[in-house]
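Please read the structure below before turning to the comments.
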Amino acid sequence: MPFHVEGLVAIIVFYLVILLVGIWAAWKTKNTGSKEDRSEAIIVGGRDIGLLVGGFTMTFLLLFFIATWVGGGYINGTAEAVYVPGYGLAWAQAPIGYSLSLVLGGLFFAKPMRSKGYVTMLDPFQQMYGKRMGGLLFIPALMGEMFWAAAIFSALGATISVIIDININISVIVSALIAIFYTLVGGLYSVAYTDVVQLFCIFLGLWISVPFAMSHRAVTDIGFTAVHTMYQEPWLGSVKTVDVYTWLDNFLLLMLGGIPWQAYFQRVLSSSSATYAQVLSFLAAFGFLVMALPAILIGAIGASTDWNQTDYGFPDPKAKEEADMILPIVLQHLCPVYISFFGLGAVSAAVMSSADSSILSASSMFARNIYQLSFRQNASDREIVWVMRITVFLFGASATAMALLAKSVYGLWYLSSDLVYIIIFPQLLCVLFIKGTNTYGAIAGYLFGLLLRITGGEPYLYLQPLIFYPGWYKDDNNIYVQRFPFKTLAMLTSFFTNIGVSYLAKYLFESGTLSPKLDFLDAVVAKYSKENMDKTTLVKSDNIILSELAPVNPRHSLTLTSTFTNKEAFSDIDSSPERSIAEDN
């Protein structure tokens, strides 16, 4: 395939535009708000991301920050699902699944999180369960963000190499450097405003490509191939009876597992009010469905094409095991050259926007919930900003290295995204809606959920299961695959274990069955625990709208007074721990 100079020039121009927008947004951040709130401005944009920009950036982010179960990225993955024989549109679950995820997030999670003025998703966990539990929950959250960034960098390199025949490693490194640079200097403002440009690029690029690809002489009417076998099975697809439980398991993972991500809550918490956060979630759900349409059509076009009549030749992409690249293949072989470059810009926009959001999310959680709240509670705002900058670079470099070196990035991503669904989602339900849960239940739920997920196996990593659920079978690689919805079972087990162990521990300590000395996590007996932090440690009063604030029962730590913004909270605390405990009982 010849090297396309025009395509390289188009990519360079696109990257320069994105870089300039990111730098401008960084300048806007520098001149917004006080220097004392610089770290918060980087993480949540000073909480002044309005409805228009917020609608664009949240819609775009949630289109691409989570991979579908069949490939790398929402656009490539949706097109692949529709194209692959035996699956088709019936198995392209991401558009509906993640749209419902956004609706549920807006209905039940956006308002309590934003009303209480949290800065990251992990704040309520550390407030309720203490810093150790926050550190444990950081692990699956970090894995999800990092492996996703690595997977999509890898997908971008492959896409660019298909269309303009440039070295895949060069394309990955250059794309990563640009995304890391503007994220490092501008934080959420750079990510948000570049998202607006990138969303416009992907919408325009894909919709321009569809009519040209559909009118190619090798493409049969997609309305006919939707229900009739032509070059392969109909692209509408179907769900066999034996696969119903697998389909439901995947759908619930998309719908519920799409909620507990820092990348989502970063948008929620950056909104100017809780009401705006809800509205943005609903707008994003609608935008999600709209943006799925060109990807679905491209997958249908790929399934309706006689590839012998194109430059691609024989055999077709599925026979060459290139079904995951059906979108760039359609752009390359069914569209004019200049049109394929527009489509390439669209795919590049998708990847860069998703990558910068993941990197910023990971660094935000580390700087605030691990470095500041766990180790350096007296750290200055300037110090936190520099920690964030360093971790943006380190996490970005690590994701790039994994994209270049790891052979099972997608397998690691699938496993880590499952852990977000199985571990973080039930914990989030408990911390927001279930009164009485504590650190003992949270740890037990974490461990049981992790155990059930790992022992269920993972075909993408060639990890054989230790527990064989009903309906298992061997695939072509001699790997055991589960049909039983064991991921949802693991999530529910984690949820109910948290509740059960929490109330059991509470009963045993409060009834005197267990000595208060055994409450080594200070989660039940000790009212003034050095593990549990007051609300004022995590939020600031000027971030909270009182009319939207839900009532809470804060816990105060006598050992963390220097991190409190409301020092008057201690004015009525007796100095005697025994008297405090007696009064509490």
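Of GLY302, GLY343, all but one fail to be open to solvent by less than 10 Å² (accessible area, probe 1.4 Å), part of a helix (DSSP H, G or I) and touching a Leu at 6+ places or on another chain (Cβ under 6 Å); the exception is GLY343.
With respect to the conditions (1) more than 20 Å from MET491 (Cβ to Cβ); (2) β-branched (Val, Ile, Thr); (3) out of contact with any Pro (no Cβ under 9 Å at 6 or more places or on another chain), VAL227 falls short on a single one, namely (3). Of all the numbered requirements in (1) at pLDDT 50 or above; (2) among the charged types (D, E, K, R); (3) surrounded by fewer than 24 Cβ atoms within 10 Å (Cβ to Cβ), GLU36 misses one, and that requirement is (1). Scanning region 299-332 for residues that are of a type in the set (Ser, Thr, Tyr) and under 22 Å from TRP207 (Cα atoms) turns up SER304, THR305, THR310. Counting only helices (runs of 4 or more DSSP H) wholly contained in region 409-462, the ones carrying 3 or more residues that are more than 19 Å from ASP249 (Cα to Cα) and not hydrophobic (A, V, I, L, M, F, W, C) occupy 439-455. One residue stands out among those in region 239-252 that are assigned to a helix (DSSP H, G or I) and either within 16 Å of ALA284 (Cβ to Cβ) or not aliphatic (A, V, I, L, M) (or both): the one that is least open to solvent (accessible area, probe 1.4 Å), which is ASP249. Within the span defined as region 80-103, every residue fails to be at pLDDT below 90, open to solvent by less than 10 Å² (accessible area, probe 1.4 Å) and on the phi > 0 side of the Ramachandran plot. Within region 305-326, being within 27 Å of the chain's Cα centre (by Cα) and either open to solvent by 40 Å² or more (accessible area, probe 1.4 Å) or without any contact (Cβ under 8 Å) to a residue 40 or more places away in the chain (or both) holds for GLU322, ASP324. For region 171-181, the count of residues that are buried (at least 24 other Cβ atoms within 10 Å of the Cβ), hydrophobic (A, V, I, L, M, F, W, C), closer than 18 Å to TYR74 by Cβ and out of contact with any His (no Cβ under 7 Å at 6 or more places or on another chain) is nonzero. Filtering region 464-476 to residues that are open to solvent by less than 100 Å² (accessible area, probe 1.4 Å) and in contact (Cβ under 8 Å) with a residue 12 or more places away in the chain leaves GLN464, PRO465, ILE467, PHE468, TYR469, PRO470, GLY471, ASP475. Scanning region 277-299 for residues that are touching a strand residue (DSSP E or B) at 6+ places or on another chain (Cβ under 9 Å), open to solvent by 10 Å² or more (accessible area, probe 1.4 Å) and either among the hydrophobic types (A, V, I, L, M, F, W, C) or at pLDDT below 80 (or both) yields one hit, VAL279. Do we have any residue at all in region 378-391 that's at pLDDT below 90, open to solvent by 10 Å² or more (accessible area, probe 1.4 Å) and touching a Ser or Thr at 6+ places or on another chain (Cβ under 6 Å)? For region 378-391, residues at pLDDT below 90, open to solvent by 10 Å² or more (accessible area, probe 1.4 Å) and touching a Ser or Thr at 6+ places or on another chain (Cβ under 6 Å): present. Beta carbons closer than 7 Å, at least 6 apart along the sequence or on distinct chains, pair a first residue in region 494-516 that is touching a residue at least 24 places away in the same chain (Cβ under 8 Å) with a second that is surrounded by fewer than 17 Cβ atoms within 10 Å (Cβ to Cβ) for ILE499/ILE434; SER502/GLY436; TYR503/GLY436; LYS506/GLY436. Among all residues of region 479-487, there is at least one that is surrounded by 20 or more Cβ atoms within 10 Å (Cβ to Cβ) and part of a helix (DSSP H, G or I). Residues of region 253-266 include none that is part of a loop (DSSP other than H, G, I, E, B), polar (S, T, N, Q) and modelled with pLDDT under 90. Selection of region 267-298 for residues being part of a helix (DSSP H, G or I), over 29 Å from TRP207 (Cα atoms) and among the polar types (S, T, N, Q) yields SER270, THR275. Checked against the criterion of being more than 30 Å from TYR182 (Cβ to Cβ), of a type in the set (A, V, I, L, M) and buried (at least 21 other Cβ atoms within 10 Å of the Cβ), the candidates ILE454, ILE422 yield just one match: ILE422. Per the conditions (1) more than 27 Å from SER101 (Cβ to Cβ); (2) open to solvent by less than 40 Å² (accessible area, probe 1.4 Å); (3) without any contact (Cβ under 8 Å) to a residue 40 or more places away in the chain; (4) not acidic (Asp, Glu), the sole criterion not satisfied by TYR440 is (3). Here ILE296, ILE329, ILE301, ILE359 are screened, and the one residue that is more than 28 Å from the chain's Cα centre (by Cα) and not basic (Lys, Arg) is ILE301.
The values are calculated or read from the model by the stated rules, or taken from the named source; none is laboratory data. Since the structure is predicted, the reported quantities are computational estimates derived from the model, not experimental observations. A quick note on method: Cβ atoms are made from the backbone with ideal geometry, for glycine too, and the neighbour counts reach across all protein chains shown. These accessible areas exclude ligands, DNA and RNA; they are computed on the full protein's heavy atoms, side chains included. Shrake-Rupley method; radii C 1.70, N 1.55, O 1.52, S 1.80 Å.
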